[in-house]
Amino acid sequence: MTIYLHLNSIGVTPGQKVVIGQKIGTVGSSGLSTAPHVHWGLYVHGVPGGSKTVDGDGILETAIGEARRRLSVLSSRISVF
């Protein structure tokens with residue numbers, strides 16, 4: 001399951017299957033957002049970020065792993081006062 005937050009408009013319904021390239025909504029700035037953007041989240045079997053390949057080619061799994069690696073690097077550079 002994927003989630004998309006801060007959308008201006010939503011063009012699909014929960015549970016609807018979509019195809020690559022299909023427009024699912026428009027970027028917005030809802031909630032406490034300070035600028036237009038979209039938060040995207042992935043849940044695999046109810047677990048955020050899932051560690052299983054969900055796209056057959058491993059592309060998504062690779063992207064998630066790279067995002068986690070970059071977050072770890074950035075986190076190590078942050079000082080807490």
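Quick note: the coordinates plus some simple rules give every number you see, no bench work behind them. Note that the coordinates shown come from a computational prediction; the quantities given were computed from them, not determined experimentally.
3J(HN,Hα) along segment 13-28: 10, x, x, 5, 7, 10, 10, 4, x, 6, 6, 10, x, 10, 4, x Hz, from the Karplus curve 6.51 cos²θ - 1.76 cosθ + 1.60 with θ = phi - 60°, whole Hz, x for Gly and Pro.
Taking amide H as placed 1.01 Å from N in the peptide plane, the amide H of Val44 sits under 5 Å from that of Gly49, Gly50, each at least 5 places away or on another chain.
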